[in-house]
Each structure stands twice: as C-alpha cells, then as structure tokens.
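Notes for the one structure printed next.
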Amino acid sequence: MTSIEGALLDFKRLDRLATGDTALHRLDPRAKVLVTLVFIISVVSFGKYEISAMVPFFLFPVIIVSLGDLPVSYIVKKIALLSPFALIVGIFNPVFDRQILVQMGPIGISGGWVSFASIFLRAVLTVGVALIMVGVTGFSEGCNALERMGLPKAFVVQLLFLYRYIFVLTDEGARTARARELRTFGRKGMEMKAFASLVGNLLLRTWERAERVYRAMLCRGFNGEFHVRRSYSFGLKEIVFTFGWSFLFIFFRQVNVPWFLGSFFTELLR
Amino acid sequence: MSHHIVEVKDLHFTYPDNTVALNGISFRVHHGEAAAIIGANGAGKSTLLLHLNGFLAPTRGQVRVGDFPLTKETLPEVRRTVGMVFQDPDDQLFMPTVYDDVAFGPLNLGLSCEEVETRVKESLALVGAEHLMGKPPYRLSGGEKRRVAIATVLAMSPSILVMDEPTAGLDPYARRQLIAILKEFKHTRIFTSHDLDMVLELCNRVIVMHEGIVKADGPPTEIFRDDALLASCHLERPFSMQGCPICSGTVEALKQRIIHPDDHHHNDHHHDHDDHH
C-alpha cells in the first residue's frame, strides 16, 4: 500500500514544481496552453506508420524541462507510470498487422510493430508535454487560462474539482485498503463480495469528505472562481513564445526533418 | 460592534432520516465572550456548529449573527463574519502550499495581491507558523496543521471564531501552545470540546448540551462543581478539579491555601500535575 501512497505524494510534487519562478513560470498560462494544444495536435495527426518525423518533437520537452528547471528523473518516472496504458492500446497491432513494412537485412519488421512503436512514441510525447506543462504552469492556473480563452466556467470548475478530489479519493482509498490488508493476514486475492462493499464504502466516505472540503471552501468565501496569485498579461514574450513554437511544430509536421537531413547528407557524400 | 454576537433561538433540527439532533436550543453569545459547548458524543454539538455557518438550515427556529438573521441573502456576509475551524485540519487544507491555502480566503474576498500577502504573513505569524509558508500541507505535523488551519481562517479577519475540537489529537506540548495562542485572541469565540481542562482555562462560559437540548449554561467553575449534572450528561469534572491521585487534594484547592513546604512534597507533585494538564 505504501507504494500507492508514495506515488500519490510524488504526484503532488508536480503542483509544487509549478510554484517555481523561472521565465517560463512567469509566462501567461494562455500562451502555454495554446502551444501545448498545437503540439498535441501536430503529434497526434501524424500517419499511422510515422516514426522518424516525430523525433524532432522531442526538442520541445527537452528545452522546456531545462528552462523550467524541472527534475528530469521525476518527469521520466511519471511518464513511465502512465506508459502501460499506451502499451495496452497498441499491444495487438503486431498480431493483426503482419504485412512487412521495413526490411533490415534478414529481419522484416511488420507494419504492426511500426504502428505500435508510433503509438508508444506519441503517448510519451503528449503525456510528457502535458505533465511538463502542468509542472511549469500549475493545474489551477492552467484551468484559469482555459476559462479566459472561453471555456465555459462550469467545465473549468468541474475540472478543478476533479483534480482536487482525485487526491481525496486516493487518500481514502489508501486508508481503506490498508485496513483491509491488516485483516486479511496475507491472504492473496480479494473476494468479490468484500471488494464490492469496499468500493461502495469508499464512494460514500469520499463523498462525505468531499462535502467537508467543499464546506471549508465555502467558509472561506469560495464562489466558483479559483483565483491566481500572479497577474498575467499577454505581451510580446507570449506572442513570440506562442507563434515561435507553433510555427516550428507545423514545420516539423509538414517536413520530415530527419529524412530531409539524411537525404541531404547522402547527397553530399555522393 | 454588534456583529460580534451570535444568537440561537429555539433551534430545532431533524436529519432527513428522522434523527432528531436539536430539540429547541437557545443561547446568546456576546462580544468578546469565550463560550464552550460541551456534551457527550451525539449530543448535537457538531450539528449546532453547522447551523452557525448556514450549512444546515434549521427545521424550526432561528440563528442570528450580528444584526442579521441567517438567511440565503445574508449567507455570504455571515460566512465572512464567522470563521470556522474544522475538526479535521485535512479537510481545511486543500491547496498545494501553506501560503496558497492561507491566501485562498483573502483572494476570494477580492483583495489586492499586496494586501493578500500581508494578511497571509500576519495570520501565519499569529499562530507561529511563518516558517511553514512554502511547505505543502500534507508534510506538516498534526500540531502544525492545526495552527495553519487556524491561520487560514484568521486571514479572513472574522469577528467570531468557531472551532470544533481545537485540541483533539494534539500532543501535550502542541496543545499548550495552541491554548496559549487562543488565549490571546480577542474575538468572540465558540468552541466545542471534550478537553474540559482547556475549557476551564480558556472559557468564561460553558453551555452543556444533552440529547439536543441545553442542559445548563453558566460559568465553568459553577458547572464543573455540579457533579450530578455532569454525570447525567455523561461528563466528568476536568482533571485539574478532580482529587489528586496521591493525596486527594485538588490543584484548585491547593492554589487557595498555602501549603506547608514539607507536607509530603505536595508542592512537587502538584506542580508536576499542573504542568501536565
């Protein structure tokens, strides 16, 4: 159980990273949200078998991590934690798609394996950039940016509460699981009946706790708005940041840079 | 300064499952008064507190805070006047850092960034927790959490402080520290507690609740001497008013008369006794 609690504590660290004070942190969150969106759309819109063209996109997370002073190993661990989902999505591709796409000497690589790698790469890029952006922006400030960009307030508040209550839920869950573990005496496996009542109980308890948290918020004048500490404006820096990166992503999307460089050098060598 | 008054008139409340929690409660807490609401588990203390801030609406009767009756329209004003510290500080601390948490209230009041900053620093200083400013709440000890939770409420500069079991779960030192802090406050204060020694030390009025009604209301020294009343409400005298386990003298009694220095080391063990409670 400690491992789940540990992972949770570790996840909260992301929120604290966002309180840093680098040039990136000071940037208007809207600029960062926009750039992230362009990045994700560019990466996701690649063809099914594309791999090489995605490689230049790694430039962005690398630069942001170094400018934003984020701990690399921490981010890598978080991506690794989420990557099994991508693996599950792509795991059957090699089984169904057996057409040989690349021939490397005697070894033929099927389309399934290529698309599997492509899915995995995409997941790493998008999840990584999303995490990094939360790390340099903060969840509530990101939500605030979404609201100022025109997302209805109801959705924004939903999103914020979802994020807050994930911690509440996992806290309660960890406690319940610990209590169960202490009374199962090392017996593996969970009986279905016990599991059902445990989950039901968890839901009710989380509900009550969420209500108390909400009351505490109301007590302190919460009226549906999350305020942010810094005041932002969309200035020249933001314009340069947004358009610079966006153009670069679109360029990377249209031109396969590694292929272009490769053919350029082979041309030179000839 | 009439907005420092809390008045409850003939309050009735029945939960949706027909459990009667309050059965006609009336009292009036005046400006600067420190009142304790005591009673056994299930006597209705927490339900009563939830009424003072409008989280529950009475089935019958009325709550008045300051000059306003508590209604939907006055609710935001009342919540600003009444600062409520919850029993479990984990419910109250929900932002990523202590600073953000204390700033949450003032930001909601629409104060400027500089004003928010001074308020955060002032209220953390009041509870001796300035050094915790940058820490995340889940890394704090129980005593620190409690003090920060109080700071989050102080930052809203309420006129009335309502606290649910402020000393529950604290170690003796943290409890002492908290009592010393609460003693300094000039707010109108309402506590619920099972820590009757704290009540004796902090409050000039005790309201005893039992099964949804007010059984007694008076100064603590008077209430705590009425053993029949206490027993009928599942309560006991505070430890400092009970007999000394060694010689059956009470701290109180000993304070009143001068003790002979070598009277079986009374001074020593009672001094000790006093420190621990």
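Any read-out appearing in this document is the output of simple, stated calculations on the displayed coordinates, not a laboratory observation. Model, not experiment: these values are computed from the prediction. Cβ placement follows ideal geometry from the backbone for every residue including glycine, while neighbour counts extend to all protein chains displayed.
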For A:K48, list the aspartates and glutamates whose Cα falls under 13 Å from its own Cα; do not include residues on the same chain fewer than 8 positions away. A:D97
Separation between the A:D69 and A:T170 pseudo-spin-labels, each 7 Å from Cα along Cα→Cβ, expressed in nm? 2.5 nm
Nitroxide proxy distance, nm - points 7 Å out along Cα→Cβ at A:R13 and B:H194: 3.8 nm
Quote to one decimal, in nm, the extra length available between A:N201 and A:V62 on full extension: 0.36 nm per residue of separation minus the C-alpha distance between them. 45.7 nm
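Just counting partner chain Cβ atoms within 10 Å, what average do the residues of peptide B:96-102 show around their Cβ?
Numbers: counts 11, 4, 0, 2, 7, 1, 1.
The shielding value for this peptide is 4.
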Which values of log₁₀ I(q)/I(0), to two decimal places, follow from the Debye formula for the protein assembly as shown at q = 0.09, 0.10, 0.12 Å⁻¹ with a uniform point scatterer at every Cα? -0.83, -0.96, -1.22
Centre separation in Å (Cα based) which lies between the range A:39-58 and the range B:201-231: 73 Å
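Working out 0.36 nm times the residue gap between A:A177 and A:S52, then minus their Cα-Cα distance, what length gain in nm do you get to one decimal? All intermediate terms of the calculation are to be shown ahead of the outcome.
Numbers: separation 125, 0.36 × 125 = 45.00 nm, distance 4.45 nm.
Gain on extension, A:A177 to A:S52, equals 40.6 nm.
Where does each of B:V63, A:V62, B:V102 land when they are ranked from fewest to most other beta-carbon atoms within 10 angstrom? Before the final figure, lay out each step's value.
Details: B:V63 24, A:V62 12, B:V102 32.
Ascending number of Cβ neighbours within 10 Å: A:V62, B:V63, B:V102.
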Taking a label point 7 Å from the Cα of B:A40 along Cα-to-Cβ, the residues of the range B:213-231 whose backbone nitrogen sits under 11 Å from it are B:231
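The range A:153-228: Rg/Rh from Cα coordinates, Kirkwood Rh? List each step's numbers first, then the result.
Values: Rg = 16.2 Å, Rh = 14.4 Å.
Dividing the radius of gyration by the Kirkwood radius yields 1.12.
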As an exercise, identify the trypsin sites (Lys or Arg not before Pro) in the range B:71-114 lying in DSSP coil whose Cβ has no more than 12 other Cβ atoms within 10 Å. B:K72
Return the FRET efficiency for the residue pair B:E211, B:Y173: r is the Cβ-Cβ distance, R0 is 35 Å, and the value is rounded to the nearest 0.05. 0.45
Using a Förster distance of 25 angstrom, determine the FRET efficiency expected from the C-beta separation of A:K77 and A:F161, and round it to 0.05. 0.40
Scattering profile of the range B:1-70 from the Debye formula, Cα beads only, expressed as log10 I(q)/I(0) at q = 0.29 Å⁻¹, is -1.46
Estimate the FRET efficiency between B:E222 and B:K183 by the formula 1/(1 + (r/R0)^6), using the beta-carbon distance for r and 30 Å for R0, to the nearest 0.05. 0.90
